[in-house]
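The structure appears below as structure tokens.
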Amino acid sequence: MDFDNTFDKNKSEWTKENRGVDFMEARKIWSDSDSISVPAKVIGGETRFLQIGTLKEKVWTVCYTIRNDQIRIISVRRARNEEEEIYRNS
């Protein structure tokens, strides 16, 4: 599946400044062969998912949705303890 390049650029820049990873770099999480995708919640009729995987030797979580058969990144952050545990035990 391809990535949607229409993500919120301001949010991506904020994430880079505050968390050290922008949305473009976060795409590398899908390259982690051990990464997992789990359904998160439905907002306004749109299903959101969490992609949990490693980047820069740490476990990260990407919140995303599927629009027009493309992955649209919504947010990126370090994985919470329970998410990291799910990743490590998968």
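For residue 40, the residues whose modelled amide H falls within less than 5 Å of its own, excluding neighbours fewer than 5 places apart on the same chain, are 48, 49, 50.
For the options 22, 34, 69, a Gaussian network treatment of the chain with springs between C-alpha atoms closer than 10 Å singles out 69 as fluctuating the most. Here the relative contact order of the chain, from alpha carbon pairs under 8 Å that lie six or more residues apart, stands at 30 percent. The distance between label points at residue 33 and residue 80 comes to 3.1 nm (points 7 Å beyond Cα on the Cα→Cβ vector).
Remark: the residue 3-residue 48 segment gains 14.7 nm on full extension, using 0.36 nm per residue and subtracting the alpha carbon distance. Note on residue 68/residue 10: beta-carbon distance plugged into 1/(1 + (r/R0)^6) with R0 of 25 Å gives a FRET efficiency of 0.70. Seen from a random direction on average, the alpha-carbon convex hull of the chain projects onto 5.8 square nanometres. Across the stretch 73-90, rounded Karplus estimates of 3J(HN,Hα) from the backbone phi angles (6.51 cos²θ - 1.76 cosθ + 1.60, θ = phi - 60°) give 6, 9, 7, 9, 7, 4, 5, 6, 3, 5, 5, 5, 5, 4, 4, 5, 9, 8 Hz, Gly and Pro being marked x.
Quick note: the coordinates plus some simple rules give every number you see, no bench work behind them. Predicted model, so just to flag it, every value in this text is computed and none were measured. Reconstructed Cβ throughout: ideal geometry from the backbone, glycine too, with neighbour counts over all protein chains shown.
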